[in-house]
Structure formats: C-alpha cells, structure tokens
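Below is one structure, written out as structure tokens; comments come after it.
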Amino acid sequence: MDESRQNPFFRIREAGQRSVIEFDSSIVEAADRTDELRAELNQFLFDNDCRVLIIDLLKTKYLPSAVLGVLTLVKRGGADLHLVNAPEEVVEIMQVTKLNTLIHVNEIQLPPAAEPSSVSTAENADGAKRAAVEGYFVPCPKCSCEQRISKHQLGHEVKCGDCHRDFHVTAEELQSAAYLFLDCPHCHRELRCARKYVSRPVACNFCDGVLEIHMYV
C-alpha cells in the first residue's frame, strides 16, 4: 500500500496503472464534499498514471447518488472503473440508473485485504512463528493487471487471468513484486503482505497471531 498518499475519502491498497482503493461507511459523508472527492480521485489517478481503478465496497453498504455522480465523471475522464464487492443495494441502483453500462460492477474478484501490521520486538519474542512466502503478486507484462504467482511457477509459462495471454515468469519479476502472499502459521489463512514486512514481526489481521515473514523457512 502507498502510505504516502492518504485522504479522508478512501484507503489506498495498491497504486499504479492498475490501482485498488477502498471505501468504507464514511464515504456517505462525501455527498456534501463532492468537489473534494473528485479532486482527490483525479489527483490519485494522475499521480499514478492509473488506467484501471478498482474500488472495493466490502465495507460500504450504500453509495449516495452524489458520490455515484463523481464516479461517473471520473470514468468519463478516461479511467476504466470497477466496483467490486458491491452490496445488493448498490448493484440495484447501478442497474436502474444504467450506470452499470459505464462502470463495471462485481465483474472481478479481489484477494482478501488482510495485510499484517507491525508489532514491537517485545511482542515478537512471545509466541512468534516463522512463515515462508508462498508467492507474489506481479503485473502481467501484456496488460499490467495483477496476477497471483506461486514461487513454484518461477521459470514457467502462466496464463494471465485478465487478458488470457501467456507470459514467462522471471526472477526479476518476482524480485520486484511489491506484494507477497503467505499462510498465517497460527490460523492458516492466506495473508497479503507488502514486501517491506519481510524479516519483521507482524500480526495477522485474522487471528492477531504474531509471525515473522521470511523468504524461505
């Protein structure tokens, strides 16, 4: 996650040509601040040369019409817009207003947004377990859409789940991946992890168990 650019309206989970942001229930308050919301979204798209913007609505039960209006303007600015994990109320509104012809709704799935958080060294000494990285999230060299690549696929041909083209997995691609995935050694659920957490004590967002991430165990 790009922690250098946060704002009152959304949380940034991935930043790049294919970006992922997250709305929560506070987005309802943006109905009275639409100019600010539009400015923040446009600035984010510009800063990251974003071509595909994915908005996770898992923590959102409702989107005001004013916010939908902002998203429509953002879409008309050239970004390919996706709403994912949209609740039934939002899906129905998008269908009734025909906005689903402009904005993709629930057409793709995202991995769980369970990123571990840093803990102190003292906590790490009490019950921490070592965990090995299982794979990487890397952009497809053809369409730039993020792909989930197992470490065992190094040197193999894989098919992009978005553009369906084959590409060769190189060591350089895996080494440059900003995000990794691994299983929590406490609850055995999959975690998505920024590379910066490798070799540092972190806490699982599912079970709060403390683990230390290593490239190999």
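For segment 164-178, a residue qualifies if it is open to solvent by less than 40 Å² (accessible area, probe 1.4 Å) and either in a loop (DSSP other than H, G, I, E, B) or of a type in the set (S, T, N, Q) (or both), and the qualifying residues are Val169, Ala177.
Of the helices (runs of 4 or more DSSP H) that lie entirely inside segment 10-114, those containing 1 or more residues that are in contact with a helix residue (DSSP H, G or I) (Cβ under 8 Å, 6 or more places away or on another chain) and open to solvent by 70 Å² or more (accessible area, probe 1.4 Å) span 34-47, 65-76.
For Glu36, indicate whether it is modelled with pLDDT of 85 or more and of a type in the set (Asp, Glu). Considered against the rule, which asks whether it is modelled with pLDDT of 85 or more and of a type in the set (Asp, Glu), Glu36 comes out as yes. Please state which of the following conditions Phe181 fails to meet, knowing it meets all the rest: (1) free of Cβ contacts under 8 Å to residues at least 40 places away in the same chain; (2) touching an Asp or Glu at 6+ places or on another chain (Cβ under 6 Å); (3) among the aromatic types (Phe, Trp, Tyr). The failed condition is (1). Considering Ile27, Ile21, the condition of being of a type in the set (A, V, I, L, M, F, W, C) and within 30 Å of Cys163 (Cα to Cα) is satisfied by Ile21 alone.
Within segment 57-88, the set of residues being among the charged types (D, E, K, R) and under 14 Å from Ile103 (Cβ atoms) comprises Lys75, Arg76, Asp80.
The values are calculated or read from the model by the stated rules, or taken from the named source; none is laboratory data. Since this is a predicted model, take the numbers as computed values, not measurements. All Cβ positions, glycine included, derive from the backbone under ideal geometry; neighbour counts span all protein chains shown. Remember, those area values only see protein heavy atoms, side chains included, never the ligands or the DNA or RNA. Shrake-Rupley method; radii C 1.70, N 1.55, O 1.52, S 1.80 Å.
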